[in-house]
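This report concerns only the one structure given below.
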Amino acid sequence: MNNLKKTDLQIYNLVKAEEERQRNVLEMIPSENYASLAVREALGSVLMNKYSEGYAGRRYYQGNKVADQVEEIAIARTKKLFGVPHVNVQPYSGSPANAAVYFALLNPGDKIMGLKLSAGGHLTHGHPKVTFSGRFYNSVQYDVGADGWINMEEVAKLVTREKPKLIVVGTTAYPRILDWKKWRTIADSVGALVLADVSHVAGLIAGGAYPTPVPYVDVVMLTTHKTLRGPRGAIILVTERGLKKDPDMGKKIDRAVFPGLQGGPHDNTTAAIAVCLKEADTAGFKKYARQIITNAQTLGETLQEAGLTLTTGGTDSHLLVVDLRPQEVIGNVVAEALEVAHIVTNYNTVPHDTNPPMFPSGVRLGTPILTTRGMKEKEMKQVGAWIAEVVKEVKHYLLPADKAERTRFMTKVKGELARNQKLIKIGKAVIVLCKKFPVLEIY
Ligand code: DSN
């Protein structure tokens, strides 16, 4: 039988190179995780060969007895883990899942309200001009205060004035707990629906380490590949409250996903989702979820002790955003330098950033993967010390005021950083640490 190596050595070698990269770096992008072998096995299974348009028992193709069971298991596990009465596991990923919720519950031109992207929201939460959510709907966005926190009194004023039909509560770069109950009260004051986009914290919620929105919101959307540690995919949950408000809400969501927006579900992904849900419903996963947060908090304290500034002054979750304005260096330079040191992050805007989004003033860090590898507080202190050393090393790289110069500046900086001996030395120490916490080989 021909395997990948025999069929396509070029792609095989690239897969091996990526495996090697994932082994030897500290992956700290908070929206990523390393899924288990069991999840990857299900994802690479023959289920990918099947077409199953429709829902279990109501397919447009024959031969779906197995696919039906897989989907029913995934649905049952989601219902149990999150405590909801209606679930759709077919969305291809988070963005189409949010599109499906809007398509199901809104008409074009209806008013939606989400957190600004630059404050830690998401493109699909009504980002203006370039996204479907900002163009097909009348989008009004809320912001964080000068201190980086969402100010619920300000939100309440905006909601009272704007009367949105749907409020999206969810974040991608906001480190704090969201007060679901308060959001509900504010939404109820104008009769708005609430969609909780908990993509980032789904695993923390499943593990009981972060408050669940389920009792307070109408619909929940989550992606399965972040803290939940599954394959790339998404799930839409309709709560008891949502069904009470509109008994057809579940049907509307299902119809919006298929045939409204998507074709055949990815049955292999559904199977892998079912596996990650089984893994998440264990005592070990609860411990994992708690440790992610402890690790992020320890990392945050270490960075602050080393003189770095964190938006909101810390974290209650899996992520941190370092505000680099005091160091007068942009996130791009720091992210590039960190990668030379084998620490992989992403540059990010900070609240009320005066730099442009392509050259923002922050970096975003997360602990889900380091925690998957088994690292704890001791390692977080070491990682924090390395990150602080890297920032110190690049403090002098100031962003040119002349816009035309900026791309040239980054090319020059990349070349210099790649040769920086201090960064290379940290990178070697990182590899030694990574080897002590192997992951792809053991789980
Ligand atoms: N791209 C994801 C993140 O990094 O937060 C959100 O979709």
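The values are calculated or read from the model by the stated rules, or taken from the named source; none is laboratory data. Since the model is a prediction, treat every value here as computed from it, not as a measurement. Methodologically, a virtual Cβ is constructed for each residue, glycine included, from the backbone with ideal geometry; neighbour enumeration extends over all protein chains shown. The protein model used for the area step is the full one, side chains on, heavy atoms only, and it has no ligands, DNA or RNA in it. Shrake-Rupley method; radii C 1.70, N 1.55, O 1.52, S 1.80 Å.
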* **Accessible surface of the chain, 1.4 Å probe, proportion on carbon and sulfur as whole %** => 55 percent
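Give the relative contact order (percent, whole number) for the chain; include only Cα pairs under 8 Å separated by 6+ residues. All intermediate terms of the calculation are to be shown ahead of the outcome.
On the way: 875 pairs, mean separation 94.1, N = 443.
Dividing the mean separation by the residue count of the chain yields 21 percent.
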* Counting helices only, and only those DSSP H runs with n ≥ 4, report the 222 nm mean residue ellipticity of the chain as the sum of -39,500 (n - 2.57) divided by its residues, in deg cm²/dmol to the nearest 500. => -13500 deg cm²/dmol
* Mind listing the phi-derived Karplus ³J(HN,Hα) values for the stretch 243-249, rounded to whole Hz, using 6.51, -1.76 and 1.60 with θ = phi - 60°, and x for any glycine or proline? -> 5, 5, 5, 9, x, 8, 4
* Leading residue at positive end of dipole, the stretch 114-233 (Cβ point charges), from HIS127, HIS200, GLY233 -> GLY233
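Can you give the translational diffusion coefficient of the stretch 346-443 in µm²/s, computed by Stokes-Einstein from the Kirkwood radius over Cα pairs at 25 °C and 0.890 mPa s? Mind showing how you got there, number by number?
Working: Rh = 15.8 Å.
In µm²/s, the coefficient is 155.
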* Structure fact -> Which residues qualify? For LEU310, with a placed amide H closer than 5 Å and at least 5 residues away or on another chain, they are ASP323
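Evaluate the charge dipole of the chain about its Cα centre and quote only its size in Debye, nearest 20, assuming +1 on the Cβ of each Lys and Arg and -1 on the Cβ of each Asp and Glu. Before the final figure, lay out each step's value.
On the way: 57 positive and 44 negative charges, 97 e Å.
The calculated dipole for the chain is roughly 460 debye.
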* Structure fact -> Fraction of alpha-carbon pairs in the chain farther than 32 Å apart, rounded to whole percent, equals 41 percent
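With a 10 Å radius around each residue's Cβ, average the other Cβ atoms per peptide and rank 177-186, 227-236, highest first.
Details: 177-186: 17.7, 227-236: 27.0.
The densest-packed peptide leads the list: 227-236, 177-186.
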* Asked: Which of VAL130, VAL39, VAL238 moves most in a GNM of the chain, Cα contacts under 10 Å?
  -> VAL130
* To do: Would you mind getting the Kirkwood hydrodynamic radius of the stretch 216-274 from its Cα pairs, rounded to one decimal in Å?
  => 12.6 Å
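When the solvent-accessible surface of protein heavy atoms is calculated with a 1.4 angstrom probe, in what order do PHE359, PHE132 fall, highest first?
On the way: PHE359 30, PHE132 65 Å².
Most to least solvent-accessible, the answer reads PHE132, PHE359.
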* To do: Compare the peptides 264-272, 405-413 by average per-residue count of other Cβ atoms within 10 angstrom and give them in order, highest first.
  => 264-272, 405-413
* Based on Cβ point charges of +1 for Lys and Arg and -1 for Asp and Glu, what charge dipole magnitude is obtained for the stretch 61-129 about its Cα centre, in debye rounded to the nearest 20? -> 220 debye
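Would you work out the charge dipole size for the stretch 1-140 about its Cα centre, treating the Cβ of every Lys and Arg as +1 and the Cβ of every Asp and Glu as -1, and quote it to the nearest 20 debye? Could you put the intermediate results ahead of the total?
Working: 17 positive and 12 negative charges, 36 e Å.
Roughly 180 debye, rounded to the nearest 20.
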* To the nearest whole percent, what portion of all C-alpha pairs in the stretch 284-424 is separated by more than 26 angstrom? -> 23 percent
* Structure fact -> Checked the stretch 1-145 with the C-alpha gyration tensor, a ≥ b ≥ c its square-rooted eigenvalues, rounded below a/c of 1.5, otherwise prolate if a/b is larger than b/c and oblate if not; verdict oblate
* Overall Cα dimensions of the stretch 75-175, principal axis frame, Å, largest first -> 42, 30, 24
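Give me the number: length gained by fully extending TYR12 to ASP110, i.e. 0.36 nm times residue separation minus the C-alpha to C-alpha distance, one decimal in nm. List each step's numbers first, then the result.
On the way: separation 98, 0.36 × 98 = 35.28 nm, distance 4.79 nm.
Full extension from TYR12 to ASP110 adds 30.5 nm.
Given R₀ = 45 Å, FRET efficiency for ARG255-LEU37 by Cβ-Cβ distance, to 0.05? Display every interim value, and only then the final one.
On the way: r = 36 Å, r/R0 = 0.80.
For ARG255 and LEU37, the calculated efficiency is 0.80.
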* Structure fact -> Applying the gyration tensor rule to the Cα atoms of the stretch 206-246 (axes a ≥ b ≥ c; rounded if a/c under 1.5, else prolate if a/b exceeds b/c, else oblate), the class is oblate
* Structure fact -> The answer for the net charge of residues other than LEU261 whose Cβ lies under 14 angstrom from its Cβ, with Lys and Arg +1 and Asp and Glu -1, is 0
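Note the direction-averaged projected area, equal to a quarter of the hull surface, for the Cα convex hull of the stretch 19-72, in nm².
Working: hull surface 21.5 nm².
Value for the stretch 19-72: 5.4 nm².
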* Have a look at TYR397, TYR210, TYR61 and tell me which one the Gaussian network model of the chain (Cα, springs below 10 Å) gives the largest fluctuation. => TYR61
* To do: Write down the accessible area per residue of the chain in Å², having rolled a 1.4 Å probe over the full set of protein chains.
  => 44 Å²
